[in-house]
Amino acid sequence: MRVLGIESSCDETSVAIVEDGRKILSNVISTQIDTHKLYGGVVPEIASRKHVEAINLVIDQAFGEAGLSFQDIDLVGVTRGPGLIGALLVGLSAAKAFALASGKEIVGVNHMHGHVCANYLAHPDLEPPFISLVISGGHTYLLEVKDYLDFEVLGQTRDDAAGEAFDKVARALGIGYPGGPIVDQLAQKGKSRDIFPRVMLEKDSYDFSFSGLKTAVMNYLNQAKQRGEEIIVEDICASFQDAVLDVLVEKSLRLLKDKKMKTLVLSGGVAANSALRSRLQEAFQGTDYKLYYPPKILCTDNGAMIASAAYYTYQNHRGQSLYADPSLGILSTETSVQ
């Protein structure tokens, strides 16, 4: 089954064709990073306009790389949220137009489900159940993935997501956007000091909170400037990153033990963080625990993960009316997008 996947939730316009939920035939990503660098973050209106400019070109390129025609597609998958509403509507409109013109069915995909499915594309042996740590610019989740469509949210951010905190600290340091990769690189050159809080919240809580940590970094920088002290950017990056990773790693390992599970799966943009991967690899060394994470190209937003999620959604709900249960993520080309 060949699925066309369309992703436009934020600042990447991506279209992919995936076979049977696991094999990538093409995965084209048009990024807007250089545009949004000028503003230190994503500007929603600009993002929407850039998606409009790119979407048809990216669709054509995806078909060209796969060596397929429109008639070779069996299903259309598209991100329906969460994300920037204007940006989402561009992808949804393109997907519905394609489905309407080709007579194919269309499946709306939760963006977070897509991130989990990125690992199915990279690891043919990976199957549920497992614990998933989903960490991106807008979201931080700890999930128990019981089956391909059966998730339980056990922990989530109460304020800033991990990736958002990286971006805001990077902006305060004046080191550029997106902040995550830059902080990761500079942290490798710095000396980590225990100067920022590790926010664990209530006892046994799996939720996250990074707003206070972000504020602590900004207060530290302001006080250092007022005192005329030298600010070593690399040391601040290392200290801040360790404060984030200590919380992510501790809660992930604790959840694995509490649920008596042996597999941890990383996904989302922050899953590309080299220090996070190293920390978990070291923690699992010499144990029977397994760690999975996708290649960096599949950590960021991409159409392939959306196509994979659409495939598994359709496999579990095929034969049902497209008007059935909107919560399943199945859309009709004849109804308005909610």
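Considering only beta bridges that DSSP places wholly inside region 1-145, some 65 percent are antiparallel. Over all Cα atoms in region 126-279, the spread is summed up by Rg and Dmax: 16.0, 55 Å.
Net charge dipole, region 124-294: roughly 320 debye, given to the nearest 20, about the Cα centre with Cβ charges of +1 for Lys and Arg and -1 for Asp and Glu. In the chain, a dipole from Cβ-located charges (positive for Lys and Arg, negative for Asp and Glu) runs towards its positive end, and of ALA307, SER14, TYR220 it is TYR220 whose Cα lies farthest in that direction. Coupling constants for region 74-90 follow from the phi torsions by the Karplus curve (6.51 cos²θ - 1.76 cosθ + 1.60, θ = phi - 60°), and in residue order they are 9, 7, 10, x, 8, 5, 10, x, x, x, 6, 4, x, 5, 4, 5, 5 Hz; glycine and proline get x.
When only the Cβ of Lys, Arg, Asp and Glu is charged (+1, +1, -1, -1), the dipole of the chain relative to its Cα centre reaches about 480 debye. For GLY268, the residues whose modelled amide H falls within less than 5 Å of its own, excluding neighbours fewer than 5 places apart on the same chain, are ILE135. For the chain, the residue among VAL78, VAL244, ALA62 whose Cα projects farthest onto the positive side of the dipole built from Cβ charges is VAL244.
Fewest neighbouring Cβ atoms within 10 Å first, the residues LYS37, LYS257 line up as LYS257, LYS37.
Would you work out the relative contact order for region 124-294, in percent, from Cα pairs under 8 angstrom that are 6 or more residues apart? Value for region 124-294: 26 percent. Report the antiparallel proportion of the DSSP beta bridges in region 124-294 as a percent, rounded to a multiple of 5. The antiparallel proportion sits near 60 percent.
Put in line by how crowded their Cβ is, counting other Cβ atoms within 10 Å and starting with the fewest, ASP288, ASP20 read ASP288, ASP20. For the chain, the relative contact order works out to 24 percent when only alpha carbon pairs closer than 8 Å and six or more residues apart are counted. Lysine pair count for region 124-294 with Cα-Cα distance under 21 Å and sequence separation of 8 or more or different chains is 27. Computed from backbone phi, the HN-Hα couplings of region 12-26 come to 10, 9, 9, 9, 9, 10, 10, 9, 6, x, 10, 9, 7, 8, 7 Hz, rounded to whole numbers (Karplus: 6.51 cos²θ - 1.76 cosθ + 1.60, θ = phi - 60°; Gly and Pro given as x). List the relative contact order of region 89-163 as a percent without decimals, with contacts defined as Cα pairs under 8 Å and 6+ residues apart. This gives 19 percent for region 89-163. Dividing the summed -39500 (n - 2.57) terms of all DSSP H runs of n ≥ 4 by the residue count of the chain sets its mean residue ellipticity at 222 nm at -14500 deg cm²/dmol. Across region 123-128, coupling constants 3J(HN,Hα) worked out from phi with the 6.51/-1.76/1.60 Karplus curve, θ = phi - 60°, read 10, x, 8, 6, 9, x Hz, and Gly and Pro carry x.
Take every DSSP beta bridge whose two residues both sit in the chain; close to 60 percent of them are antiparallel. Relative to one another, the C-alpha centroids of region 143-161 and region 63-138 are positioned 19 Å apart. Cα to Cα, under 16 Å, and not fewer than 8 places away if on the same chain: which lysines meet these conditions relative to LYS104? Leaving aside lysines fewer than 8 places away in the same chain, those within reach of LYS104 are LYS96. With neighbour counts taken as other beta-carbon atoms within 10 Å, the residues GLU229, GLU105 rank, fewest first, as GLU229, GLU105.
Read the figures in this text as sums done on the coordinates, not as results from a lab. All values reported here derive from a predicted model rather than from experimental measurement. Every residue, glycine among them, receives a Cβ derived from its backbone with ideal geometry; neighbour counts consider all protein chains shown.
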